[in-house]
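Chemist: Below are the structure tokens for one structure; questions will follow.
The values are calculated or read from the model by the stated rules, or taken from the named source; none is laboratory data. Remember, it's a predicted structure, so these values are computed and weren't measured experimentally. Methodologically, a virtual Cβ is constructed for each residue, glycine included, from the backbone with ideal geometry; neighbour enumeration extends over all protein chains shown. Side chains are part of the model used for accessible areas, which takes the heavy atoms of the whole protein and leaves out ligands, DNA and RNA. Shrake-Rupley method; radii C 1.70, N 1.55, O 1.52, S 1.80 Å.
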Amino acid sequence: MEPPIQPEGPVVVPAPSEKAVRYHRSGNVIWAVEHLVGLVLPAAILFSGLSARLRTIAAGVAHGRFYPTLVLTLALLTLVMFVVQLPLAFYVGYRREHAYGLSSQRLGKWIADELKGLIVGVLLGAAVLWVPYLLLRASPERWWIWTGALALPFFALVLLVTPVFIAPLFNKFGPMRDKSLEAEVLAVAAQAGVEGARVFEVEKSVDTKKVNAYVTGVGKTKRIVLWDTLLGRLTPRQTRFVVGHELGHYVLGHVWLNIVVSSALTVAALWAVHATADAALARFGARFGFDRLADPASMPLLMLLLSLFATAISPAMLALSRHHERAADRFGLDLSGDNHAAATAFVALQEQNLAVPRPGRLYKFFRASHPPIGERVDFINAYRSRARVAGE
Ligand SMILES: [Zn+2]
């Protein structure tokens, strides 16, 4: 069903459909369950002594050698967690999305993506986890500083590698089919001062009906990426605003700022682990089946402590993200001066993604990485962009 065309001027935020409200409410329950599982599962693996048993098996196979024991322990732990979480992952990522008409994904694709994610996760862990574990052995008192210092180059590398090598493992990245729209997108980029970017159209329609876009990369990997679902759903005017918004994140340096903030928080989180792990080991070490953080069996303990830290700071991280989203909206409006296209794009997004435009305060505080759509449209309706002011 196409939404009614809204006349030029302030845009009205429609009330959410009954289906969107159900999706929102059940989504809150799922969020709580997933958070709980994220804490309870590593705790269970730890307190049952399973982690230590898996490490003993790994050490046996690896004849006690450091690196193979570490990687094998990681692989076994990842597999156990994957299998335990599979029913929930299947319900949330597949069954539920289909039930709400948000997915067109075939079961085979879902399974293939899950397996790819599992393999990528283990390979990434195998590539980096030896660093903190070696540092834990070499410098038990200062490991968290050294590990934290490596977080910044590591996050930067992940940011550069993911769009080029990881994302294409899951979806086809092709050139944009609509060449005139591609030219318009590049014109918006030039207006924002972003030159030499390639435009990609991702075949996301095989996975979802939700819509998205982003700008990332540096130098030769600089790219503007649009999901085909977005191109099918938004008008060229609305697409131009969305591209302007994404360029805003890029030009205003939000991604790099996030990396700096994440690195600083990683140092803080590792310090928190360092400060609490000894007490946990002294008290529960006998049940855990290991007594040093440098033991690879400590992975679930690290995971548990880091999850607790992440949960504690997530409202602040979400607030920062919402702040960036508002700045990117302003940037997009200043670029286009097209408030009407911007506001109607959000209304289309609300309907396509089954969003609730004015969720409660608790939702916003604990879950919203973006300002609620109602607030974004209110802001756009009231905003006099630079382009507009100059045109008058
Ligand atoms: Zn954004």
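Chemist: May I ask you to verify whether Gly232 is surrounded by fewer than 18 Cβ atoms within 10 Å (Cβ to Cβ), modelled with pLDDT under 95, more than 16 Å from the ligand (Cβ to nearest atom) and not in a helix (DSSP H, G or I)?
Modeler: no
Chemist: Look through Leu129, Leu124, Leu136 and report the one residue that is in contact with a Phe, Trp or Tyr (Cβ under 6 Å, 6 or more places away or on another chain) and within 20 Å of Leu301 (Cα to Cα).
Modeler: After applying the criteria, what remains is Leu136.
Chemist: While we're looking at this one, here's another question. Count, please, the residues in segment 31-46 that happen to be surrounded by fewer than 14 Cβ atoms within 10 Å (Cβ to Cβ) and in contact with a Lys or Arg (Cβ under 9 Å, 6 or more places away or on another chain).
Modeler: Adding up the residues that qualify gives 0.
Chemist: Go through segment 98-113 residue by residue and tally those that are assigned to a loop (DSSP other than H, G, I, E, B) and open to solvent by less than 40 Å² (accessible area, probe 1.4 Å).
Modeler: Total meeting the criteria: 5.
Chemist: Taking Ala277 and the conditions (1) over 18 Å from the mean Cα position of the chain (by Cα); (2) within 16 Å of the ligand (Cβ to nearest atom); (3) among the small types (Gly, Ala, Ser), which numbered condition does it fall short on, given that it satisfies the others?
Modeler: (2)
Chemist: Let me ask something additional. Does segment 297-304 contain any residue that is within 23 Å of the chain's Cα centre (by Cα), open to solvent by 40 Å² or more (accessible area, probe 1.4 Å) and within 23 Å of Leu129 (Cα to Cα)?
Modeler: yes
Chemist: Let me ask something else. Considering only segment 284-392, give the helices (runs of 4 or more DSSP H) lying wholly within it that have at least 1 residues that are away from the ligand (no atom under 15 Å from the Cβ) and at pLDDT 95 or above.
Modeler: Once the helices (runs of 4 or more DSSP H) in segment 284-392 are filtered for at least 1 residues that are away from the ligand (no atom under 15 Å from the Cβ) and at pLDDT 95 or above, what remains is 299-336, 339-352, 361-367, 373-382.
Chemist: Collect the residues in segment 137-159 that are of a type outside the set (Phe, Trp, Tyr) and open to solvent by 50 Å² or more (accessible area, probe 1.4 Å), keeping them in residue-number order.
Modeler: Answer for segment 137-159, where residues must be of a type outside the set (Phe, Trp, Tyr) and open to solvent by 50 Å² or more (accessible area, probe 1.4 Å): Arg137, Ala138, Pro140, Glu141, Arg142, Ile145, Ala149, Leu150, Leu152, Pro153, Leu157, Val158.
Chemist: With the structure loaded, tell me whether Val83 is of a type in the set (Val, Ile, Thr) and surrounded by 13 or more Cβ atoms within 10 Å (Cβ to Cβ) or whether it fails that test.
Modeler: So Val83 does not fit the description; no.
Chemist: Which of the residues that make up segment 201-229 are over 13 Å from Leu186 (Cα atoms) and within 13 Å of the ligand (Cβ to nearest atom)?
Modeler: Start the filter on segment 201-229 by keeping residues that are over 13 Å from Leu186 (Cα atoms), which leaves 201-214, 216-221, 227-229.
Listed by number, the residues that qualify are Val211, Asn212, Ala213, Tyr214, Thr216.
Chemist: In segment 160-178, which residues are surrounded by fewer than 13 Cβ atoms within 10 Å (Cβ to Cβ) and part of a loop (DSSP other than H, G, I, E, B)?
Modeler: Lys172, Arg177
Chemist: Based on this model, can you work out whether Lys204 counts as assigned to a loop (DSSP other than H, G, I, E, B), open to solvent by 50 Å² or more (accessible area, probe 1.4 Å) and touching a residue at least 12 places away in the same chain (Cβ under 8 Å)?
Modeler: Working: assigned to a loop (DSSP other than H, G, I, E, B): yes; open to solvent by 50 Å² or more (accessible area, probe 1.4 Å): no; touching a residue at least 12 places away in the same chain (Cβ under 8 Å): yes.
No.
Chemist: I would also like to ask the following. Just one of (1) without any contact (Cβ under 8 Å) to a residue 12 or more places away in the chain; (2) under 21 Å from the mean Cα position of the chain (by Cα) trips up Leu159, so point out which.
Modeler: (1)
Chemist: Select from segment 244-274 the residues that are farther than 20 Å from Val164 by Cβ, in a helix (DSSP H, G or I) and within 15 Å of the ligand (Cβ to nearest atom) and list them in ascending order.
Modeler: Of everything in segment 244-274, those that are farther than 20 Å from Val164 by Cβ, in a helix (DSSP H, G or I) and within 15 Å of the ligand (Cβ to nearest atom) turn out to be Gly244, His245, Gly248, Val251, Leu257.
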